[in-house]
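K.L.:
I'd like to ask some things about the structure below.
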């Protein structure tokens, strides 16, 4: 199986996505989505940004590598009565069946950054975007002190080294890398802009409970705990992550609101 597919089908990212809904709606609200726009959401999960875009009247196609998340997204779309939204399986580095210049807006919020072959990912996003259209990515930043970058960093410290040729997802959080990847796809540097933005994880219980959700359902964290258990370091990993979640919480002891900084990339297709 494709290792990326295996990673995201391993857990149940819908459990994590519940904590991301509010920020997803806020982000989509900032993008100027209009009725009748054609929107592609890559690495869409079960629709944290795809649903709000469709609710604004856009025609939205969600693509994700994980079969379980595609099914969950289609169920959410049906429950919301959104006939202008559909989800399907696909690989952001090879968008088979997606025609050239099909979309006014391509969104990928913490999605396509995890796909293999980042230069192919950039080329595919450019290929399917119409001239004058936009690509908007949200990417976690390597070494950033806020939550998810630190969760990924801590998890990586407990897992075996990746295979040769592996490109870390967080390299998408480095501006020069983004310029190189989209530049190779024919986008001039002046058509690429960056800003640091904040995404908040909101949960009705304490931070320790949110961590348990990550431990049980978030692929990278699940892998880290499996590896740590094999060499007797699971308690150490849990202690580190508990401290991380509690230190970053801004909502008191009984509720969780944790901000995380990301790189927001906006590309205008020539």
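K.L.:
List the number of the failed condition for residue 215; all other conditions in (1) touching a residue at least 40 places away in the same chain (Cβ under 8 Å); (2) under 27 Å from residue 6 (Cα atoms) hold.
P.N.:
The one condition residue 215 does not meet is (1).
Conditions tested, residue by residue: (1) in contact (Cβ under 8 Å) with a residue 40 or more places away in the chain; (2) at positive phi.
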position	(1), (2)
7	yes, no
15	yes, no
20	yes, no
29	no, no
47	yes, yes
68	yes, no
83	no, no
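Results for (1) surrounded by 18 or more Cβ atoms within 10 Å (Cβ to Cβ); (2) without any contact (Cβ under 8 Å) to a residue 60 or more places away in the chain, shown as yes or no for each residue.
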{"residue": "100", "(1), (2)": "no, yes"}
{"residue": "130", "(1), (2)": "no, no"}
{"residue": "140", "(1), (2)": "yes, no"}
{"residue": "173", "(1), (2)": "yes, no"}
{"residue": "181", "(1), (2)": "yes, no"}
{"residue": "186", "(1), (2)": "no, no"}
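K.L.:
Among the listed residues 185, 189, 253, which satisfies the condition of being over 29 Å from residue 68 (Cα atoms) and modelled with pLDDT under 95?
P.N.:
One residue alone meets the criteria, 253.
K.L.:
Follow-up question, since we're still on this one. Sort out which residues of region 132-144 are under 18 Å from the mean Cα position of the chain (by Cα) and at pLDDT 95 or above, and write them in order of number. Talk me through it step by step, then tell me what you get.
P.N.:
Let us first name the residues in region 132-144 that are under 18 Å from the mean Cα position of the chain (by Cα), namely 134-144.
The answer is 134, 135, 136, 137, 138, 139, 140, 141, 142, 144.
K.L.:
Taking region 217-247 on its own, how many of its residues are surrounded by fewer than 20 Cβ atoms within 10 Å (Cβ to Cβ) and closer than 19 Å to residue 21 by Cβ?
P.N.:
The total comes to 1.
K.L.:
Tell me which residues, restricted to region 57-81, are surrounded by fewer than 18 Cβ atoms within 10 Å (Cβ to Cβ) and touching a helix residue (DSSP H, G or I) at 6+ places or on another chain (Cβ under 8 Å).
P.N.:
Of everything in region 57-81, those that are surrounded by fewer than 18 Cβ atoms within 10 Å (Cβ to Cβ) and touching a helix residue (DSSP H, G or I) at 6+ places or on another chain (Cβ under 8 Å) turn out to be 67, 68, 80.
K.L.:
Within region 204-224, work out how many residues are in a helix (DSSP H, G or I) and either within 16 Å of residue 114 (Cβ to Cβ) or at pLDDT below 95 (or both).
P.N.:
Qualifying residue count for the region: 8.
K.L.:
Report yes if some residue within region 230-246 is under 23 Å from residue 108 (Cα atoms) and free of Cβ contacts under 8 Å to residues at least 40 places away in the same chain; otherwise report no. First the steps, then the outcome.
P.N.:
Taking region 230-246 first, the residues under 23 Å from residue 108 (Cα atoms) are none.
No, that holds for no residue.
K.L.:
Further, regarding this structure: Report, by residue number, each residue of region 171-207 that is under 18 Å from residue 154 (Cβ atoms) and out of contact with any helix residue (DSSP H, G or I) (no Cβ under 6 Å at 6 or more places or on another chain).
P.N.:
173, 201
K.L.:
For region 1-110, give me every one of the helices (runs of 4 or more DSSP H) that falls completely inside it and has 2 or more residues that are farther than 26 Å from residue 211 by Cβ.
P.N.:
21-29, 50-55, 67-79
K.L.:
Consider residue 160 carefully, then state whether it is in a loop (DSSP other than H, G, I, E, B) and exposed (fewer than 15 other Cβ atoms within 10 Å of the Cβ). Spell out how you get there, then give the answer.
P.N.:
Details: in a loop (DSSP other than H, G, I, E, B): yes; exposed (fewer than 15 other Cβ atoms within 10 Å of the Cβ): yes.
Answer is yes for this residue.
The values are calculated or read from the model by the stated rules, or taken from the named source; none is laboratory data. Small disclaimer: the values here were computed from a predicted structure and weren't measured. Quick reminder, even Gly has a Cβ in these numbers, built from the backbone with ideal geometry, and neighbours come from all protein chains shown.
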